[in-house]
Amino acid sequence: MISPRHRDRLFRRPTWSEAQRVTRALRTETVGGAILLGAAVVALIWANSPWRDAYTALRDLRVGFEPWHLDLSLGQWAADGLLAIFFFVAGLELKREFLVGDLRSPAKAAVPVIAAAAGVAVPALLFTLTVMAAGDREGLRGWAIPTATDIAFALAVLAVIGSHLPSGLRSFLLTLAVVDDLIAITIIAIFYTSGLDVVSLLLAVIPLGLFAFLVQRRIVIVWLLLPLAFATWTLVHASGIHATVAGVLLGLVVPVKPRASVPTVSTLAADTDVAERLEHRLRPLSAGLAVPVFAFFASGVSIVGGGASGALRDPVALGIVIALVGGKLIGVFGSTFVMARFTRAELDADLSWSDVLGLSLLTGVGFTVSLLVGELAFGPGSPRDEHAKLAVIAGSVLAAILASIVLRRRNTVYRRIQQEDSVDADADGIPDTFQERSGVDGPHRPGTTR
(Lines give C-alpha, C1' and ligand atoms only; values in the text may rest on other atoms or scores of the structure.)
Protein backbone atom coordinates (compact mmCIF):
# COMPACT_ATOMS: atom_id res chain seq x y z
CA MET A 1 0.00 0.00 0.00
CA ILE A 2 1.43 3.35 -1.04
CA SER A 3 1.32 6.05 1.59
CA PRO A 4 -0.81 9.06 0.58
CA ARG A 5 2.21 11.23 1.33
CA HIS A 6 4.13 9.58 -1.49
CA ARG A 7 1.34 9.67 -4.05
CA ASP A 8 1.41 12.08 -6.98
CA ARG A 9 -1.37 14.64 -6.82
CA LEU A 10 -3.48 15.25 -9.92
CA PHE A 11 -4.19 18.95 -10.58
CA ARG A 12 -2.04 20.05 -7.64
CA ARG A 13 -0.96 23.67 -7.47
CA PRO A 14 1.98 24.40 -9.75
CA THR A 15 5.20 25.92 -8.47
CA TRP A 16 5.03 29.64 -7.72
CA SER A 17 7.16 30.68 -10.70
CA GLU A 18 5.14 28.38 -12.98
CA ALA A 19 1.87 29.75 -11.57
CA GLN A 20 2.95 33.31 -12.37
CA ARG A 21 3.78 32.37 -15.97
CA VAL A 22 0.49 30.49 -16.40
CA THR A 23 -1.47 33.42 -14.96
CA ARG A 24 0.08 35.84 -17.46
CA ALA A 25 -0.64 33.46 -20.34
CA LEU A 26 -4.20 32.84 -19.24
CA ARG A 27 -4.92 36.54 -18.90
CA THR A 28 -3.83 37.19 -22.48
CA GLU A 29 -5.62 34.13 -23.87
CA THR A 30 -8.83 34.99 -22.03
CA VAL A 31 -8.94 38.52 -23.48
CA GLY A 32 -8.02 37.11 -26.89
CA GLY A 33 -10.77 34.51 -26.57
CA ALA A 34 -13.33 37.22 -25.91
CA ILE A 35 -12.18 39.05 -29.06
CA LEU A 36 -12.29 35.75 -30.96
CA LEU A 37 -15.90 35.19 -29.88
CA GLY A 38 -16.81 38.69 -31.00
CA ALA A 39 -15.15 38.20 -34.40
CA ALA A 40 -16.97 34.90 -34.94
CA VAL A 41 -20.35 36.41 -34.03
CA VAL A 42 -19.80 39.39 -36.37
CA ALA A 43 -18.87 37.02 -39.22
CA LEU A 44 -21.94 34.83 -38.65
CA ILE A 45 -24.27 37.82 -38.60
CA TRP A 46 -22.71 39.41 -41.68
CA ALA A 47 -22.65 36.15 -43.66
CA ASN A 48 -26.38 35.68 -43.03
CA SER A 49 -27.45 39.26 -43.62
CA PRO A 50 -28.64 40.91 -46.86
CA TRP A 51 -25.02 42.07 -47.30
CA ARG A 52 -23.60 38.54 -47.32
CA ASP A 53 -22.14 39.05 -50.81
CA ALA A 54 -19.91 41.83 -49.47
CA TYR A 55 -18.54 39.48 -46.81
CA THR A 56 -17.81 36.80 -49.41
CA ALA A 57 -16.15 39.35 -51.70
CA LEU A 58 -13.93 40.57 -48.86
CA ARG A 59 -12.94 37.03 -47.81
CA ASP A 60 -12.15 36.03 -51.42
CA LEU A 61 -10.29 39.22 -52.37
CA ARG A 62 -6.92 38.12 -53.73
CA VAL A 63 -3.78 39.92 -52.60
CA GLY A 64 -0.17 38.98 -53.36
CA PHE A 65 1.90 37.65 -56.23
CA GLU A 66 2.21 34.33 -58.01
CA PRO A 67 5.81 33.25 -57.28
CA TRP A 68 5.86 30.61 -54.52
CA HIS A 69 2.04 30.42 -54.70
CA LEU A 70 1.54 33.69 -52.80
CA ASP A 71 -1.40 34.95 -54.86
CA LEU A 72 -3.81 34.28 -51.98
CA SER A 73 -7.22 35.49 -50.86
CA LEU A 74 -7.57 37.38 -47.59
CA GLY A 75 -9.10 34.27 -46.05
CA GLN A 76 -6.08 32.21 -47.11
CA TRP A 77 -3.66 34.85 -45.82
CA ALA A 78 -5.42 34.63 -42.46
CA ALA A 79 -5.30 30.81 -42.39
CA ASP A 80 -1.77 30.38 -43.77
CA GLY A 81 -0.11 33.61 -42.65
CA LEU A 82 -1.64 35.00 -39.48
CA LEU A 83 -2.07 31.55 -37.95
CA ALA A 84 1.68 31.04 -38.36
CA ILE A 85 2.06 33.62 -35.57
CA PHE A 86 -0.29 31.56 -33.40
CA PHE A 87 1.74 28.42 -34.09
CA PHE A 88 5.03 30.26 -33.47
CA VAL A 89 3.81 31.09 -29.97
CA ALA A 90 2.68 27.46 -29.64
CA GLY A 91 6.19 26.33 -30.61
CA LEU A 92 7.71 28.57 -27.95
CA GLU A 93 5.25 27.22 -25.40
CA LEU A 94 5.98 23.62 -26.35
CA LYS A 95 9.73 24.02 -26.00
CA ARG A 96 9.42 25.89 -22.72
CA GLU A 97 7.08 23.33 -21.18
CA PHE A 98 9.25 20.36 -22.12
CA LEU A 99 12.62 21.93 -21.20
CA VAL A 100 12.02 24.24 -18.23
CA GLY A 101 8.30 23.95 -17.45
CA ASP A 102 6.32 21.36 -15.52
CA LEU A 103 6.44 18.90 -18.45
CA ARG A 104 10.20 18.44 -17.96
CA SER A 105 9.28 16.06 -15.14
CA PRO A 106 8.01 12.73 -16.53
CA ALA A 107 5.84 12.23 -13.45
CA LYS A 108 4.09 15.58 -13.94
CA ALA A 109 3.92 15.25 -17.71
CA ALA A 110 2.34 11.79 -17.76
CA VAL A 111 -1.24 12.75 -16.89
CA PRO A 112 -1.72 15.81 -19.17
CA VAL A 113 0.13 14.11 -22.04
CA ILE A 114 -1.98 10.95 -21.80
CA ALA A 115 -5.17 12.98 -21.32
CA ALA A 116 -4.35 15.09 -24.40
CA ALA A 117 -3.55 11.99 -26.47
CA ALA A 118 -6.79 10.29 -25.40
CA GLY A 119 -8.62 13.56 -26.05
CA VAL A 120 -7.43 13.34 -29.65
CA ALA A 121 -7.79 9.59 -30.23
CA VAL A 122 -11.30 9.06 -28.84
CA PRO A 123 -12.96 11.93 -30.79
CA ALA A 124 -11.22 10.76 -33.97
CA LEU A 125 -12.53 7.24 -33.35
CA LEU A 126 -16.10 8.38 -32.64
CA PHE A 127 -16.09 10.59 -35.74
CA THR A 128 -14.80 7.73 -37.89
CA LEU A 129 -17.39 5.28 -36.57
CA THR A 130 -20.22 7.78 -37.13
CA VAL A 131 -19.20 8.53 -40.71
CA MET A 132 -18.53 4.87 -41.54
CA ALA A 133 -21.92 3.88 -40.17
CA ALA A 134 -23.44 6.23 -42.75
CA GLY A 135 -21.32 4.69 -45.50
CA ASP A 136 -19.66 8.03 -46.30
CA ARG A 137 -16.05 7.19 -47.17
CA GLU A 138 -15.28 10.66 -48.52
CA GLY A 139 -16.24 12.18 -45.18
CA LEU A 140 -13.45 10.26 -43.45
CA ARG A 141 -11.04 12.98 -44.62
CA GLY A 142 -12.34 15.09 -41.76
CA TRP A 143 -11.39 12.65 -39.00
CA ALA A 144 -9.02 15.18 -37.37
CA ILE A 145 -11.51 18.09 -37.25
CA PRO A 146 -12.89 17.40 -33.74
CA THR A 147 -9.55 16.51 -32.14
CA ALA A 148 -8.30 20.00 -31.18
CA THR A 149 -9.11 22.11 -28.13
CA ASP A 150 -9.15 25.89 -28.54
CA ILE A 151 -7.59 27.21 -25.34
CA ALA A 152 -8.49 30.87 -26.04
CA PHE A 153 -12.13 29.98 -26.71
CA ALA A 154 -12.27 27.73 -23.63
CA LEU A 155 -10.80 30.40 -21.36
CA ALA A 156 -13.16 33.00 -22.77
CA VAL A 157 -16.03 30.71 -21.77
CA LEU A 158 -14.62 30.55 -18.26
CA ALA A 159 -14.44 34.32 -18.11
CA VAL A 160 -18.07 34.65 -19.25
CA ILE A 161 -19.48 32.15 -16.76
CA GLY A 162 -17.43 33.65 -13.92
CA SER A 163 -15.88 30.42 -12.68
CA HIS A 164 -12.78 30.52 -10.47
CA LEU A 165 -10.97 27.32 -11.24
CA PRO A 166 -8.19 26.29 -8.86
CA SER A 167 -4.75 27.19 -10.16
CA GLY A 168 -3.78 23.52 -10.59
CA LEU A 169 -6.81 22.85 -12.75
CA ARG A 170 -6.17 25.94 -14.87
CA SER A 171 -2.53 24.96 -15.27
CA PHE A 172 -3.61 21.46 -16.32
CA LEU A 173 -5.97 22.92 -18.94
CA LEU A 174 -3.20 25.06 -20.41
CA THR A 175 -0.70 22.18 -20.38
CA LEU A 176 -3.19 19.82 -22.00
CA ALA A 177 -3.85 22.40 -24.71
CA VAL A 178 -0.10 22.74 -25.36
CA VAL A 179 0.25 18.98 -25.93
CA ASP A 180 -2.97 19.04 -27.94
CA ASP A 181 -1.43 21.70 -30.19
CA LEU A 182 1.66 19.53 -30.71
CA ILE A 183 -0.48 16.60 -31.83
CA ALA A 184 -2.58 18.86 -34.09
CA ILE A 185 0.57 20.29 -35.71
CA THR A 186 1.86 16.78 -36.36
CA ILE A 187 -1.46 15.71 -37.88
CA ILE A 188 -1.55 18.74 -40.20
CA ALA A 189 2.05 18.20 -41.32
CA ILE A 190 1.63 14.45 -41.99
CA PHE A 191 -1.96 13.93 -43.11
CA TYR A 192 -2.89 17.22 -44.76
CA THR A 193 0.12 17.83 -46.99
CA SER A 194 -0.59 17.81 -50.71
CA GLY A 195 2.22 17.37 -53.24
CA LEU A 196 5.51 17.77 -51.37
CA ASP A 197 8.12 19.96 -53.13
CA VAL A 198 11.37 18.67 -51.63
CA VAL A 199 13.53 21.43 -53.15
CA SER A 200 11.49 24.23 -51.53
CA LEU A 201 11.50 22.35 -48.23
CA LEU A 202 15.29 21.95 -48.30
CA LEU A 203 15.72 25.62 -49.22
CA ALA A 204 13.63 26.56 -46.17
CA VAL A 205 16.39 25.13 -43.98
CA ILE A 206 18.70 28.01 -44.98
CA PRO A 207 16.69 30.96 -43.55
CA LEU A 208 15.55 28.76 -40.65
CA GLY A 209 19.19 27.98 -39.82
CA LEU A 210 20.15 31.67 -40.00
CA PHE A 211 17.20 32.56 -37.75
CA ALA A 212 18.33 29.90 -35.26
CA PHE A 213 21.94 31.14 -35.40
CA LEU A 214 20.89 34.70 -34.53
CA VAL A 215 18.50 33.88 -31.68
CA GLN A 216 20.90 31.33 -30.18
CA ARG A 217 23.52 34.11 -30.04
CA ARG A 218 20.92 36.42 -28.43
CA ILE A 219 20.81 38.73 -31.46
CA VAL A 220 17.17 39.77 -31.40
CA ILE A 221 16.89 42.49 -34.04
CA VAL A 222 13.53 42.72 -35.78
CA TRP A 223 14.82 43.84 -39.17
CA LEU A 224 17.11 40.78 -39.23
CA LEU A 225 14.75 38.14 -37.84
CA LEU A 226 11.55 39.14 -39.63
CA PRO A 227 12.84 38.68 -43.23
CA LEU A 228 14.33 35.30 -42.27
CA ALA A 229 11.06 34.21 -40.68
CA PHE A 230 9.10 35.34 -43.76
CA ALA A 231 11.50 33.52 -46.09
CA THR A 232 11.13 30.33 -44.04
CA TRP A 233 7.34 30.65 -44.10
CA THR A 234 7.30 31.32 -47.86
CA LEU A 235 9.43 28.30 -48.71
CA VAL A 236 7.51 25.96 -46.42
CA HIS A 237 4.29 27.22 -48.00
CA ALA A 238 5.70 26.57 -51.46
CA SER A 239 6.76 23.05 -50.43
CA GLY A 240 3.15 21.92 -50.02
CA ILE A 241 3.35 21.53 -46.24
CA HIS A 242 0.88 23.84 -44.51
CA ALA A 243 2.66 27.13 -43.85
CA THR A 244 1.70 27.20 -40.15
CA VAL A 245 4.27 24.42 -39.61
CA ALA A 246 6.94 27.05 -40.37
CA GLY A 247 5.75 29.00 -37.33
CA VAL A 248 6.25 25.96 -35.12
CA LEU A 249 9.74 25.27 -36.50
CA LEU A 250 10.77 28.89 -35.91
CA GLY A 251 9.46 28.73 -32.35
CA LEU A 252 11.29 25.49 -31.58
CA VAL A 253 14.73 26.92 -32.47
CA VAL A 254 14.42 29.81 -30.00
CA PRO A 255 16.46 29.19 -26.80
CA VAL A 256 14.53 28.92 -23.54
CA LYS A 257 17.45 28.56 -21.13
CA PRO A 258 19.87 31.34 -20.12
CA ARG A 259 23.53 30.86 -21.07
CA ALA A 260 26.61 31.34 -18.94
CA SER A 261 28.00 33.74 -21.53
CA VAL A 262 27.07 35.10 -24.94
CA PRO A 263 29.09 36.60 -27.81
CA THR A 264 29.94 40.28 -27.55
CA VAL A 265 27.73 40.97 -30.59
CA SER A 266 24.65 39.89 -28.62
CA THR A 267 21.94 42.49 -28.11
CA LEU A 268 20.75 40.78 -24.90
CA ALA A 269 22.29 39.81 -21.58
CA ALA A 270 23.35 36.22 -20.98
CA ASP A 271 20.60 35.58 -18.45
CA THR A 272 17.84 36.87 -20.75
CA ASP A 273 15.12 34.35 -21.56
CA VAL A 274 14.78 34.92 -25.33
CA ALA A 275 11.69 32.73 -25.63
CA GLU A 276 9.91 34.60 -22.86
CA ARG A 277 10.88 37.94 -24.44
CA LEU A 278 9.48 36.95 -27.84
CA GLU A 279 6.42 35.31 -26.33
CA HIS A 280 5.68 38.43 -24.29
CA ARG A 281 5.69 40.49 -27.49
CA LEU A 282 3.87 38.09 -29.78
CA ARG A 283 1.26 36.39 -27.57
CA PRO A 284 -0.97 39.53 -27.48
CA LEU A 285 -0.58 39.83 -31.28
CA SER A 286 -1.52 36.17 -31.69
CA ALA A 287 -4.46 36.13 -29.27
CA GLY A 288 -5.71 39.65 -30.01
CA LEU A 289 -5.28 39.87 -33.79
CA ALA A 290 -4.11 36.76 -35.66
CA VAL A 291 -6.60 34.25 -34.27
CA PRO A 292 -9.63 36.61 -34.24
CA VAL A 293 -8.99 37.67 -37.86
CA PHE A 294 -8.77 34.01 -38.90
CA ALA A 295 -11.98 33.31 -36.95
CA PHE A 296 -13.68 36.23 -38.72
CA PHE A 297 -12.92 34.83 -42.18
CA ALA A 298 -13.50 31.18 -41.21
CA SER A 299 -16.75 31.56 -39.26
CA GLY A 300 -18.86 33.29 -41.90
CA VAL A 301 -20.99 30.30 -42.86
CA SER A 302 -24.51 30.49 -44.22
CA ILE A 303 -27.22 29.26 -41.87
CA VAL A 304 -30.19 30.63 -43.80
CA GLY A 305 -31.16 29.26 -47.18
CA GLY A 306 -30.72 25.59 -46.34
CA GLY A 307 -27.25 25.73 -44.79
CA ALA A 308 -28.36 24.49 -41.37
CA SER A 309 -30.70 21.81 -42.73
CA GLY A 310 -27.96 20.53 -45.03
CA ALA A 311 -25.57 20.22 -42.09
CA LEU A 312 -28.15 18.26 -40.09
CA ARG A 313 -28.26 15.64 -42.84
CA ASP A 314 -24.48 15.42 -43.21
CA PRO A 315 -22.77 12.53 -41.33
CA VAL A 316 -19.62 14.63 -41.10
CA ALA A 317 -21.42 17.35 -39.16
CA LEU A 318 -23.10 14.80 -36.88
CA GLY A 319 -19.75 13.08 -36.27
CA ILE A 320 -18.07 16.37 -35.36
CA VAL A 321 -20.70 17.27 -32.75
CA ILE A 322 -20.64 13.78 -31.21
CA ALA A 323 -16.84 13.75 -31.14
CA LEU A 324 -16.44 17.23 -29.65
CA VAL A 325 -18.98 16.74 -26.90
CA GLY A 326 -18.77 13.01 -26.17
CA GLY A 327 -15.33 12.11 -27.49
CA LYS A 328 -13.42 14.79 -25.60
CA LEU A 329 -15.33 13.98 -22.41
CA ILE A 330 -14.63 10.25 -22.65
CA GLY A 331 -11.02 10.74 -23.70
CA VAL A 332 -9.91 13.33 -21.14
CA PHE A 333 -12.05 12.28 -18.19
CA GLY A 334 -11.67 8.55 -18.83
CA SER A 335 -7.88 8.63 -19.17
CA THR A 336 -7.50 10.82 -16.07
CA PHE A 337 -9.72 8.48 -14.04
CA VAL A 338 -7.75 5.45 -15.23
CA MET A 339 -4.47 7.14 -14.26
CA ALA A 340 -5.84 7.84 -10.79
CA ARG A 341 -7.21 4.31 -10.46
CA PHE A 342 -4.24 2.28 -11.64
CA THR A 343 -1.19 4.45 -10.87
CA ARG A 344 0.22 6.23 -7.84
CA ALA A 345 -1.56 9.44 -8.85
CA GLU A 346 -4.61 10.61 -6.92
CA LEU A 347 -6.87 13.65 -7.11
CA ASP A 348 -5.75 16.68 -5.11
CA ALA A 349 -7.62 17.10 -1.84
CA ASP A 350 -9.01 20.50 -2.88
CA LEU A 351 -10.82 19.05 -5.90
CA SER A 352 -13.54 16.58 -6.77
CA TRP A 353 -14.22 14.56 -9.87
CA SER A 354 -16.96 17.06 -10.75
CA ASP A 355 -14.17 19.55 -11.46
CA VAL A 356 -12.49 17.09 -13.80
CA LEU A 357 -15.84 16.40 -15.47
CA GLY A 358 -16.39 20.10 -16.13
CA LEU A 359 -12.84 20.52 -17.41
CA SER A 360 -13.22 17.51 -19.71
CA LEU A 361 -16.42 18.96 -21.18
CA LEU A 362 -14.64 22.27 -21.66
CA THR A 363 -11.94 20.64 -23.80
CA GLY A 364 -14.73 19.96 -26.30
CA VAL A 365 -14.65 23.66 -27.16
CA GLY A 366 -12.82 23.43 -30.48
CA PHE A 367 -12.52 26.27 -32.91
CA THR A 368 -9.35 27.65 -34.49
CA VAL A 369 -7.52 24.43 -35.41
CA SER A 370 -10.78 22.57 -36.06
CA LEU A 371 -11.87 25.17 -38.60
CA LEU A 372 -8.42 25.07 -40.19
CA VAL A 373 -8.45 21.26 -40.51
CA GLY A 374 -11.95 21.43 -42.00
CA GLU A 375 -10.69 23.71 -44.76
CA LEU A 376 -7.69 21.46 -45.39
CA ALA A 377 -9.89 18.34 -45.51
CA PHE A 378 -12.70 19.53 -47.75
CA GLY A 379 -11.51 22.75 -49.37
CA PRO A 380 -12.34 26.32 -48.26
CA GLY A 381 -15.90 27.34 -49.08
CA SER A 382 -17.05 23.90 -50.24
CA PRO A 383 -20.52 22.74 -49.09
CA ARG A 384 -19.02 20.08 -46.84
CA ASP A 385 -16.59 22.58 -45.35
CA GLU A 386 -19.55 24.84 -44.57
CA HIS A 387 -21.32 21.94 -42.84
CA ALA A 388 -18.17 21.12 -40.88
CA LYS A 389 -17.83 24.72 -39.72
CA LEU A 390 -21.44 24.83 -38.54
CA ALA A 391 -20.87 21.57 -36.67
CA VAL A 392 -17.69 22.89 -35.03
CA ILE A 393 -19.54 25.99 -33.85
CA ALA A 394 -22.57 23.98 -32.67
CA GLY A 395 -20.46 21.33 -30.91
CA SER A 396 -18.30 23.96 -29.22
CA VAL A 397 -21.33 25.89 -27.99
CA LEU A 398 -22.97 22.71 -26.68
CA ALA A 399 -19.77 21.65 -24.91
CA ALA A 400 -19.45 25.14 -23.39
CA ILE A 401 -23.05 25.06 -22.12
CA LEU A 402 -22.64 21.63 -20.52
CA ALA A 403 -19.31 22.64 -18.96
CA SER A 404 -20.91 25.82 -17.60
CA ILE A 405 -23.68 23.82 -15.93
CA VAL A 406 -21.17 21.57 -14.19
CA LEU A 407 -18.64 24.26 -13.26
CA ARG A 408 -21.18 26.75 -11.93
CA ARG A 409 -22.18 24.23 -9.30
CA ARG A 410 -18.57 24.25 -8.09
CA ASN A 411 -18.29 28.03 -7.73
CA THR A 412 -18.60 27.92 -3.96
CA VAL A 413 -15.68 25.51 -3.71
CA TYR A 414 -13.63 27.57 -6.13
CA ARG A 415 -14.15 30.71 -4.08
CA ARG A 416 -13.02 28.88 -0.93
CA ILE A 417 -9.84 27.68 -2.65
CA GLN A 418 -9.20 31.16 -4.00
CA GLN A 419 -9.46 32.58 -0.50
CA GLU A 420 -6.79 30.11 0.64
CA ASP A 421 -4.56 31.25 -2.19
CA SER A 422 -4.89 34.89 -1.10
CA VAL A 423 -3.07 34.30 2.20
CA ASP A 424 -0.55 37.06 2.76
CA ALA A 425 2.85 36.34 1.27
CA ASP A 426 5.92 36.01 3.50
CA ALA A 427 8.97 38.20 3.20
CA ASP A 428 10.15 36.02 0.30
CA GLY A 429 7.14 37.10 -1.76
CA ILE A 430 5.77 33.57 -2.26
CA PRO A 431 2.30 32.78 -0.82
CA ASP A 432 2.33 30.17 1.93
CA THR A 433 -0.04 27.85 0.06
CA PHE A 434 2.45 27.41 -2.77
CA GLN A 435 5.29 26.63 -0.37
CA GLU A 436 3.24 24.21 1.71
CA ARG A 437 1.60 22.33 -1.14
CA SER A 438 4.16 22.29 -3.93
CA GLY A 439 7.32 22.05 -1.88
CA VAL A 440 9.48 22.27 -4.97
CA ASP A 441 10.30 25.95 -5.33
CA GLY A 442 12.98 25.93 -2.69
CA PRO A 443 14.88 29.20 -2.54
CA HIS A 444 13.74 30.39 -5.97
CA ARG A 445 12.17 33.82 -6.15
CA PRO A 446 9.68 35.25 -8.60
CA GLY A 447 11.41 36.37 -11.76
CA THR A 448 14.41 34.04 -11.44
CA THR A 449 15.20 31.31 -13.92
CA ARG A 450 15.22 27.67 -13.04
| remark: The condition of being at negative phi, in a loop (DSSP other than H, G, I, E, B) and at pLDDT 80 or above holds, among Thr130, Thr149, Thr186, only for Thr149
| When the range 301-322 is examined, which residues are found to be closer than 18 Å to Leu372 by Cβ and at pLDDT below 85? | Val301
| field | Ile417 in contact with a helix residue (DSSP H, G or I) (Cβ under 9 Å, 6 or more places away or on another chain), modelled with pLDDT of 85 or more and β-branched (Val, Ile, Thr) | value | no
| said: Filter the range 152-183 down to the residues that are among the β-branched types (Val, Ile, Thr) and either at pLDDT 80 or above or not in a helix (DSSP H, G or I) (or both) and list them by number. | reply: Val179, Ile183
| Does Val199 count as at pLDDT 85 or above, surrounded by fewer than 19 Cβ atoms within 10 Å (Cβ to Cβ), over 29 Å from Phe367 (Cβ atoms) and not polar (S, T, N, Q)? | yes
| Single unsatisfied condition, Leu36 versus (1) among the hydrophobic types (A, V, I, L, M, F, W, C); (2) at pLDDT 55 or above; (3) surrounded by fewer than 12 Cβ atoms within 10 Å (Cβ to Cβ) | (3)
| request: Tell me, yes or no, whether the range 223-235 has at least one residue that is under 20 Å from Leu99 (Cβ atoms), surrounded by 22 or more Cβ atoms within 10 Å (Cβ to Cβ) and aliphatic (A, V, I, L, M). | output: no
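Listed here are the residues, each with its yes/no results for (1) aliphatic (A, V, I, L, M); (2) more than 23 Å from Phe87 (Cα to Cα); (3) at pLDDT below 85.
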{"position": "Thr267", "(1), (2), (3)": "no, yes, yes"}
{"position": "Asp273", "(1), (2), (3)": "no, no, yes"}
{"position": "Leu324", "(1), (2), (3)": "yes, no, no"}
{"position": "Phe333", "(1), (2), (3)": "no, yes, no"}
{"position": "Arg341", "(1), (2), (3)": "no, yes, yes"}
{"position": "Glu346", "(1), (2), (3)": "no, yes, yes"}
{"position": "Gly364", "(1), (2), (3)": "no, no, no"}
| request: Only residues in the range 286-305 that are within 13 Å of Val41 (Cβ to Cβ) count as the first member; pair them with residues that are among the polar types (S, T, N, Q), Cβ under 7 angstrom, at least 6 apart or cross-chain, and list the lot. | output: Ala295/Thr368; Ile303/Asn48
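Residue-wise test of (1) closer than 28 Å to Phe172 by Cβ; (2) surrounded by 24 or more Cβ atoms within 10 Å (Cβ to Cβ); (3) in contact (Cβ under 8 Å) with a residue 60 or more places away in the chain.
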{"site": "Leu82", "(1), (2), (3)": "no, no, yes"}
{"site": "Phe87", "(1), (2), (3)": "yes, yes, yes"}
{"site": "Ala90", "(1), (2), (3)": "yes, yes, yes"}
{"site": "Leu94", "(1), (2), (3)": "yes, no, yes"}
{"site": "Leu99", "(1), (2), (3)": "yes, no, yes"}
{"site": "Ser105", "(1), (2), (3)": "yes, no, no"}
{"site": "Ala115", "(1), (2), (3)": "yes, yes, yes"}
{"site": "Val122", "(1), (2), (3)": "yes, no, yes"}
{"site": "Asp136", "(1), (2), (3)": "no, no, yes"}
| note | The condition of being in contact with an Asp or Glu (Cβ under 7 Å, 6 or more places away or on another chain) and assigned to a helix (DSSP H, G or I) holds, among Ala40, Ala90, only for Ala90
| Restricting attention to the range 138-153, which residues are surrounded by fewer than 24 Cβ atoms within 10 Å (Cβ to Cβ) and of a type in the set (Asp, Glu)? | Glu138
| task | Could you grab me the full set of residues in the range 306-341 that are hydroxyl-bearing (Ser, Thr, Tyr) and either on the phi > 0 side of the Ramachandran plot or touching a residue at least 24 places away in the same chain (Cβ under 8 Å) (or both)? | result | Ser335, Thr336
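Against the definition (at positive phi and at pLDDT below 60), how does Gly439 come out, yes or no?
The answer is yes for Gly439.
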| remark: Residue set Val179, Val111, Val131; condition within 30 Å of Leu398 (Cβ to Cβ), touching a strand residue (DSSP E or B) at 6+ places or on another chain (Cβ under 7 Å) and crowded, with 18+ Cβ neighbours inside 10 Å; output residue Val111
| When the range 207-254 is examined, which residues are found to be over 27 Å from Leu376 (Cβ atoms) and in a helix (DSSP H, G or I)? | Gly209, Leu210, Ala212, Phe213, Leu214, Val215, Gln216, Val222, Trp223, Leu224, Leu225, Pro227
| query | Which one is surrounded by the fewest Cβ atoms within 10 Å (Cβ to Cβ) among residues in the range 49-78 that are at pLDDT 85 or above and over 21 Å from Leu372 (Cα atoms)? | reply | Pro50
| remark: Screening Gly358, Gly379 for residues that are at pLDDT 85 or above, surrounded by fewer than 14 Cβ atoms within 10 Å (Cβ to Cβ) and under 30 Å from Ala311 (Cβ atoms) leaves only Gly379
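The values are calculated or read from the model by the stated rules, or taken from the named source; none is laboratory data. Worth saying up front: this structure is predicted, and the values here are computed from it rather than measured. Every residue, glycine among them, receives a Cβ derived from its backbone with ideal geometry; neighbour counts consider all protein chains shown.
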